[in-house]
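Inspection log for the structure reproduced underneath, given as structure tokens.
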Amino acid sequence: MRISGILMAAGFVVLLGYASCKKSKVTDTDDTPVDPPSDTPVTPPTEVANAASIGFFMDEWQARSFSAPSFSEVSKPVAAANVTVTVDYSQTVTKVSKYLFGNNANPYIGQMVTEPLLINHLKTLSPNVIRFPGGNISSVYFWNGRPGEKPADVPNTLFDSGGNPVAESYWFGKNNDAWTLSLDNYYAMLQQTNSKGIITINYAYARYGTSEHPDRVAAHYAAEWVRADKGKTKLWEIGNESNGPWQAGWKIDVSKNKDGQPEIITGEIYGKHFKVFADSMRKAAAEIGAQIKIGAQLVQHDPVNSWNNVDKTWNTGYFAAAGDYADFYIVHDYYTQLGENTSAVNILNSPVQITKSMMDWM
């Protein structure tokens, strides 16, 4: 079975620990300074098996060591502690994949490598994985084009989230203007920050393209990116939130389509297209001796009550068409309510409920 793991993305936080911890209130309100408890023996942690769902995301796992930094002696605080944290180092929960941590780099962020302070902050942050070019932008992004150089089979008009035709502004990888991020500088930024990339290819091109076989043309275009990448990128996503009406390609002009696609996308048509993309991209990777992993999009929750009818059959339609063709799956959740001025406490607590709900459904 080719399925190797689940990648959860888009605006969320997952907190995992190396050790079993508990935090308890201390009821003693006496302000008299109390000496800390004496050191107790530390039992080395036990080895635990990797969870099967982590799959290849653990392939590059490396143990980390801790060296205490230099410090200065200071006076002991006189106020009584009101919280005690107990850590049992011997009780290992799991090993943590470095791919758990990541961030986005969108093309409207600027050239990045021209900002040394930003690059230094990113190196310190060590996000490990930085996704590009989006987001929704990936659905209208042409990686090897210059501004205004869209392919001849790309229409001037697409549909907005309300289903209305609008003039589309496409994005290009060879745009060197200061306000945007070129593909070359994305790669340079990864190198300068010691990060790895995850690339979201333009799946929507397979929908709105006007050639005889837009799925094949778009898949070939993605494969050319794999070849040009020359093995720098391991993780590739086929599209972004393609099940949503806010996404280019969700609705197409069937009068311009030449291979009989439906006006509104389905999980089944996405699954069929996914196999075409995966075949082309894997062939390209094999030609250059690169190892890549390709992810497919799924709906992260039970969609029975979803306002979006496409969601209701997305997963079943995808699996009926593509089976286990994907190396990993992509699910997006924004955790807290849209438009809500969410408190830090609610943000930090949201993974407990939302992550469990997603994992239970998946």
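Please treat every number below as a calculation from the coordinates, not as lab data. What you see is a predicted model, and the numbers here were worked out from it, not measured in a lab. FYI the Cβ positions are ideal-geometry reconstructions off the backbone, even for glycines, and counts take in every protein chain you see.
So here's what we get for this one:
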| read-out | value |
| --- | --- |
| Residue check for Gly339: free of Cβ contacts under 8 Å to residues at least 40 places away in the same chain and either more than 23 Å from Leu100 (Cα to Cα) or of a type outside the set (D, E, K, R) (or both) | yes |
| Residues located in the range 198-221, provided they are touching a residue at least 60 places away in the same chain (Cβ under 8 Å) and surrounded by fewer than 20 Cβ atoms within 10 Å (Cβ to Cβ) | Arg216, Val217, His220 |
| Which listed residue, of Glu224, Glu237, is acidic (Asp, Glu), touching a strand residue (DSSP E or B) at 6+ places or on another chain (Cβ under 7 Å) and in contact (Cβ under 8 Å) with a residue 24 or more places away in the chain | Glu237 |
| Residue within the range 64-85 that is part of a strand (DSSP E or B) and free of Cβ contacts under 8 Å to residues at least 60 places away in the same chain present | no |
| Residue that is surrounded by the fewest Cβ atoms within 10 Å (Cβ to Cβ), among those in the range 146-171 that are hydrophobic (A, V, I, L, M, F, W, C) and out of contact with any Leu (no Cβ under 9 Å at 6 or more places or on another chain) | Ala152 |
| Residue in the range 137-158 that is touching a strand residue (DSSP E or B) at 6+ places or on another chain (Cβ under 9 Å), over 16 Å from Trp250 (Cα atoms) and of a type in the set (Lys, Arg) present | yes |
| Residue within the range 229-238 that is of a type in the set (Asp, Glu) and surrounded by 20 or more Cβ atoms within 10 Å (Cβ to Cβ) present | yes |
| Selection count, the range 154-169, where residues are over 28 Å from the mean Cα position of the chain (by Cα) and under 13 Å from Ala204 (Cα atoms) | 1 |
| Of residues in the range 245-270 being among the polar types (S, T, N, Q) and surrounded by 13 or more Cβ atoms within 10 Å (Cβ to Cβ), the one nearest to Phe142 (Cα to Cα) | Gln247 |
| Residues of the range 220-247 satisfying the condition of being assigned to a helix (DSSP H, G or I), out of contact with any Lys or Arg (no Cβ under 9 Å at 6 or more places or on another chain) and not hydroxyl-bearing (Ser, Thr, Tyr) | His220, Ala222, Glu224, Trp225, Arg227, Ala228, Asp229 |
| Selection from the range 41-63 of residues that are in a loop (DSSP other than H, G, I, E, B) and not polar (S, T, N, Q) | Pro41, Val42, Pro44, Pro45, Glu47, Val48, Ala49, Ala51, Asp59, Glu60, Trp61, Ala63 |
| Enumeration of residues in the range 221-244 that are under 19 Å from Gly271 (Cβ atoms) and of a type outside the set (Ser, Thr, Tyr) | Ala222, Ala223, Trp236, Glu237, Ile238, Gly239, Asn240, Glu241, Asn243, Gly244 |
| Residue in the range 82-98 that is over 25 Å from Thr180 (Cβ atoms), surrounded by 14 or more Cβ atoms within 10 Å (Cβ to Cβ) and aromatic (Phe, Trp, Tyr) present | no |
| Given (1) without any contact (Cβ under 8 Å) to a residue 12 or more places away in the chain; (2) among the small types (Gly, Ala, Ser); (3) within 14 Å of Tyr221 (Cα to Cα), number of the condition Ser138 does not satisfy | (1) |
